[in-house]
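Participant: Below you will find the structure I want to go over with you.
The values are calculated or read from the model by the stated rules, or taken from the named source; none is laboratory data. Just so it is clear, the model here is predicted, and its values are computed rather than measured. Please note: Cβ atoms are built from the backbone with ideal geometry, for glycine as well, and neighbour counts cover all protein chains shown. All accessible areas refer to the heavy atoms of the entire protein, side chains included, with ligands and DNA or RNA removed. Shrake-Rupley method; radii C 1.70, N 1.55, O 1.52, S 1.80 Å.
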Amino acid sequence: MTDYPYLYYVNDFSGGVCVKECPKLENLTDVKTLVTYSGLYQVDGSYITSDDIAIADYSYNNDTLACTETLCYPNGDPEESFTSYGVNMGKGFSYYAMDTYELMWRCVFTDEARDAVDAIVNPNDQNNLTSVIDTMATQNEQIKQGYSIWNNLYGDLWVARYYILGLGFGAPLVVGFIYSLFLRIPLVLPFMVWFSVAATIAIVFGGAYYAGELAAEWENADPPMYTDDNIKVAQYGSYALYAFGGLLVIVFLFMRKRIQLAMGCVKEASKAILRLPLIIVFPVIQALGFAAFMTIWTVYCAYLASMGEFKTQQIDTVPGLFISVRYFEFSDFIKQCGWFMLFCFFWSGQFIIAIGEIIFAMSISKWYFARDKKKVGSGAVISSIWTSIWYHTGTAAFGSLIIAIFQMIRAVIAYLQKKADEMDSSLAKAILCCLQCVVLCFEKIFKFINKNAYIQTAIFGSSFCKSAKEAYCLIMRNAARIIAITYVSGGVVFVGKMFITTLTTGAAYFVLDNELRDELYSNIGPLFFIALSAWFISGMFMGVFDMGIATILQCFVADEEMYGDSQSMYAEGSLKNWVNDHGKSSEKRGCMD
């Protein structure tokens, strides 16, 4: 249909035919000519020709409806044609030839042409035609508004394109490194962590106090406004929150040493990233690799989708009126190929993530296990890329296969859920929903194990199964440390993403306001794209940061278990101070104490 790029509407369901050019009629309309899927249908008195409205050929579709005198133009009367089966007041499969203008590849009726049709086909009763005209006019006005907004947005993005690239992609990386330096300032990280601990406890006790006061207020209300059951729920909720708050106090007191260790890991991770700046760029390489895969995958999927059989379905919209809807019907073999392509998508995507995590972990571990860490630079990242791809591709492939299988199971369950919705089976929907949750939990668990297994592979060079076993054992015998590092790193990562995005967007506002104030229609468009880009870049940066924290913890545990005393260990800074203050861990080498 590339020779017929414009859409001419034939009903107010947005149905239409493809035409070579939008018609320009000097007389505004020719109501004796109808535009249909089978070409122009004309009765005596029509004056335009097929050259005026060149319509694409739809003859290959056997289900295409064609106009006849009975269906579209009874007795050659324009008024009867308007209520005929074919036109049906703008809800049929044909409509009058009218003067139009082109807008976003659509042929939009001019106001004068609509008025001309109004006067001819329905001169006495305006209600039905007015409704059709109003519907089409509303659609056209929405198109105009959307076109205007898009034009303004596109113009703003073009004017600010260099600022968007610089502030949206370069600035977040600079701010990310500033954030890493910020965490190394004395008292900053402890303040962030312990303030979040205090705030968490305060929120729980505050909620308990509020629930208790609310229950007392309800109980003393005169006249009573709430039932005894409501009052008891508030009271019991208050007691439960007090108990939970007390439990949190005990847990945090018990885990204070582990939290201090977690903060040490965060500081060391910030040092490592500053010494290995190239590691921040690697996610971009990952993204390019995924884009290359998606290009090939999309081409294959497009060819696969084109192998379907083209069919038409008749839908009964109103009594006596059927609308033709075209769709593809696929054979069982093509459907199976579609499931295979979906599995390829899951596995390839997870493989790219897995090989990246191994490279990140190996780069950080090479920095950690160096006696002179100042000599370690971005060369360690390059050597880690080579080592990971040459020796550990199988580990990444096997680990990603496990996650892909879980994702495939979830996709099958989602397909069954859709079928259950069509069957309106409440029991089936409930069972499938539970299964979806269970499989999702297993996927999250194995992602966590895989992440730690990749770190073990990066440190010791072991295979996936052995690394997964060692990672599981490490988690079991360092459960408290893992919980502490998860809590601390989660807060640091979230604050980091907010810090990078907010600071970048705020700086971008002042730059755009000072430099392009008179050239932009609005700052909102460029700022939105800058904020969106900053959020993704910050997520990429903090994802590397999070992997670095987890790697530092495992390196520290391996360092502690292999050497034991602070003089022989590779640990430096906060981690070495932690060992000097608390000594070697008494946890055993087995999977559990």
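Participant: Using DSSP to call loops (not H, G, I, E or B), can you name the chymotrypsin sites (Phe, Trp or Tyr not before Pro) in the stretch 188-231 whose Cβ has at most 13 other Cβ atoms within 10 angstrom?
Facilitator: Within the stretch 188-231, no chymotrypsin sites (Phe, Trp or Tyr not before Pro) qualify (loop, at most 13 other Cβ atoms within 10 Å).
Participant: Can you tell me, using C-alpha contacts under 8 Å and at least 6 residues apart, the relative contact order of the chain as a whole percent?
Facilitator: Computed over the chain, the figure is 15 percent.
Participant: Take the Cα atoms of the stretch 365-413, find their three principal axes, and give me the spread along each one in whole Å, biggest first.
Facilitator: Rounded to whole Å, the extents work out to 52, 19, 15 Å.
Participant: Can you tell me which of 437-447, 403-413 comes out highest on packing, and rank the rest after it, using the mean Cβ neighbours within 10 Å?
Facilitator: Ranking, from highest mean packing down: 403-413, 437-447.
Participant: Note the per residue figure in Å³ for the convex hull of the C-alpha positions in the stretch 335-468.
Facilitator: 111 Å³
Participant: Related question: Taking the Cβ-Cβ separation of Val251 and Ile178 as r and a Förster radius of 30 Å, what is the calculated FRET efficiency to the nearest 0.05?
Facilitator: The pair Val251/Ile178 has a calculated efficiency of 0.35.
Participant: Here's another thing I want to ask about it. For a quick check of understanding: with a 1.4 angstrom probe and all protein chains in place, what accessible area in square angstrom does Ser38 have, to the nearest ten?
Facilitator: Number for this one is 70 Å².
Participant: For the stretch 208-243 and the stretch 47-111, what is the separation of their C-alpha centers, rounded to whole Å?
Facilitator: So the two Cα centres are separated by 68 Å.
Participant: Quick one: of Lys267/Lys466; Lys374/Lys466; Lys267/Lys447; Lys429/Lys469; Lys257/Lys373, which pairs are farther than 28 Å apart, Cα to Cα?
Facilitator: Lys267/Lys466; Lys374/Lys466; Lys429/Lys469
Participant: How large, in percent, is the carbon and sulfur part of the accessible surface of the stretch 434-527 at a probe radius of 1.4 Å?
Facilitator: Of the solvent-accessible surface of the stretch 434-527, carbon and sulfur hold 71 percent.
Participant: Give me the angle, in degrees from 0 to 90, between the Cα long axis of helix 426-460 and the longest principal axis of the Cα atoms of the chain, rounded to the nearest 10.
Facilitator: Its long axis makes an angle of about 50 degrees.
Participant: What is the set of long-range amide H partners of Thr33 at a cut-off below 5 Å, with H atoms built 1.01 Å from backbone N?
Facilitator: Here Ala97 satisfy the definition.
Participant: Using a 1.4 angstrom probe, figure out how much accessible area the chain has per residue, in square angstrom, rounded to the nearest whole.
Facilitator: 53 Å²
Participant: Along the charge dipole of the chain, pointing to its positive end and built from +1/-1 on Cβ of Lys, Arg, Asp and Glu, which listed residue (Ile231, Pro74, Ala269) has its Cα farthest out?
Facilitator: Of the options given, the answer is Ala269.
Participant: OK, next. Return the Rg/Rh value of the stretch 427-556, two decimal places, where both radii are evaluated on C-alpha atoms and Rh is the Kirkwood radius.
Facilitator: 1.17
Participant: Which one, Val511, Ala531, Phe446, is farthest towards the positive end of the dipole of the chain when Lys and Arg carry +1 and Asp and Glu -1 on their Cβ?
Facilitator: Farthest towards the positive pole: Phe446.
Participant: Which value, to two decimals, describes the C-alpha radius of gyration of the chain once divided by 2.2 N^0.38 Å?
Facilitator: Rounded to two decimals, the normalised Rg is 1.35.
Participant: Report, in degrees rounded to the nearest 10, the 0 to 90 angle that the Cα long axis of helix 524-562 makes with the longest principal axis of the chain.
Facilitator: Compared with the principal axis, the helix lies near 30 degrees.
Participant: For a label point 7 angstrom out from the Cα of Lys418 toward its Cβ, which stretches of the stretch 426-450 have the backbone nitrogen within less than 12 Å?
Facilitator: No residue qualifies, since no backbone N sits under 12 Å from the label point.
Participant: In what sequence, highest mean first, do 110-122, 89-101 appear when ranked by Cβ atoms within 10 angstrom?
Facilitator: Top to bottom by mean Cβ count within 10 Å: 89-101, 110-122.
Participant: Which one, Leu278, Ile403, Val87, projects farthest toward the positive side of the charge dipole computed for the chain from Cβ point charges (K/R +1, D/E -1)?
Facilitator: Towards the positive end, the residue furthest out is Leu278.
Participant: Another question, then. Calculate, for Ile203 and Glu26, the FRET efficiency according to 1/(1 + (r/R0)^6) with r their C-beta to C-beta distance and R0 56 Å; round to the nearest 0.05.
Facilitator: In this case the efficiency is close to 0.15.
Participant: Okay, next question. Which values, in whole Å and largest first, are the semi-axes of the equivalent ellipsoid of the stretch 14-116 obtained as the square root of 5 times each eigenvalue of the Cα gyration tensor?
Facilitator: Equivalent ellipsoid semi-axes, largest first: 19, 17, 13 Å.
Participant: As I understand it, the value is the acute angle between the Cα axis of helix 379-391 and the longest principal axis of the Cα atoms of the chain; what does it come to in degrees, rounded to 10?
Facilitator: Taking Cα atoms only, the helix is inclined about 70 degrees.
Participant: Using Cα pairs closer than 8 Å and at least 6 residues apart in sequence, work out the relative contact order for the stretch 388-500, in percent.
Facilitator: In percent, rounded to a whole number, it is 25.
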